[in-house]
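Single-structure report; data block below.
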Amino acid sequence: MKLTTGRLVLREYAAADFDAVHAFASDPRSSEFMDWGPNSEQDTREFVDFCQACARAIPRTDYTLALTLRSTGLLFGSVSLTVHGAHQARPGRRGPAVREGEIGYTLHPDHWGHGYATEAARCLAGFGFSELGLGRITATCRPENVASAAVLQKLGMDQVGHRTNDRLIHGRWMDSLVFAMDAPGLSPERR
Ligand SMILES: CC(C)(COP(=O)(O)OP(=O)(O)OC[C@H]1O[C@@H](n2cnc3c(N)ncnc32)[C@H](O)[C@@H]1OP(=O)(O)O)[C@@H](O)C(=O)NCCC(=O)NCCS
């Protein structure tokens, strides 16, 4: 699959992407607030293999796509949407369950600050709502990761939770902010 925005192409990974993926995945700045990395070469090979296997899976539940520049084809990051099972959204609500997806992104530091994460995540969230019929998309980030929280807010997500000490990040327990947005037009009783 391939999704195109004004400046970006989100496409499936290929084995030939190894060097470009390893450039951002082995950079400690990319994984400062993440529970993975910095990648060894073996980690990166396994990541690319995993993404390719997910692309072949039926039904597909993981859409981790290479983030590339439309103008040059340069691969500089990764954006993902993971589809979870249907959830009864909130206690006390009896409407039909909605399917949820979780979004995430990582860019090479050379390409931070240009709005690319927001552009890519908006595109993939739109795909999740319109093509996969998701009722809700969620994301988490560490409170210290102000750039990521800003991306989620720019996407139109609301902060719906704060989990204390829920992620072990490079040997240190850190909090998570939980963000969510409902599908456009989702009826109030299903929220
Ligand atoms: C988080 C990340 C994806 C953001 O990518 P990006 O392309 O730079 O994001 P965008 O340019 O779309 O938006 C970033 C926003 O954060 C803001 N921002 C960045 N650093 C900031 C800071 N220190 N304080 C306040 N705002 C900050 C930017 O100003 C921008 O908002 P604006 O467009 O309103 O000015 C990128 O920093 C990254 O790859 N980090 C490492 C991996 C990671 O942490 N992923 C998320 C895990 S939850």
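Before moving on, here are some points about what is shown:
- Multiplying the residue separation of Ala15 and Ala150 by 0.36 nm and removing their Cα-Cα distance gives an extension gain of 45.4 nm.
- Remark: relative contact order (the chain) = 19 percent; criterion is Cα-Cα distance under 8 angstrom and separation of 6 or more residues.
- Near Gly104: Cβ cut-off under 12 Å, other residues only, Lys/Arg at +1 and Asp/Glu at -1. The net charge is -3.
- Low-density loop cleavage sites - chymotrypsin sites (Phe, Trp or Tyr not before Pro) in the range 23-83, where at most 15 other Cβ are within 10 Å (DSSP): Trp36
- Extension gain for Ala53 to Thr82 (0.36 nm times residue separation, less C-alpha to C-alpha distance): 9.1 nm.
- Taking other C-beta atoms within 10 Å as the exposure proxy, Lys154, Lys2 rank Lys2, Lys154 from fewest upward.
- Fluctuation leader among Ser148, Ser130, Ser26 - the chain, Gaussian network, Cα springs under 10 angstrom: Ser130
- Note on Leu168 and Asp35: the extension gain reaches 47.2 nm, defined as 0.36 nm multiplied by sequence separation minus the Cα-Cα distance.
- Sorting the segments 107-119, 132-144 by their residues' average number of neighbouring beta-carbon atoms within 10 angstrom, most packed first, yields 132-144, 107-119.
Taken together, the values in this text are just the output of simple stated rules run on the coordinates, not laboratory data. Computed from a predicted structure; not experimentally measured. Backbone-built Cβ (ideal geometry, glycine too); neighbour counts: all protein chains shown.
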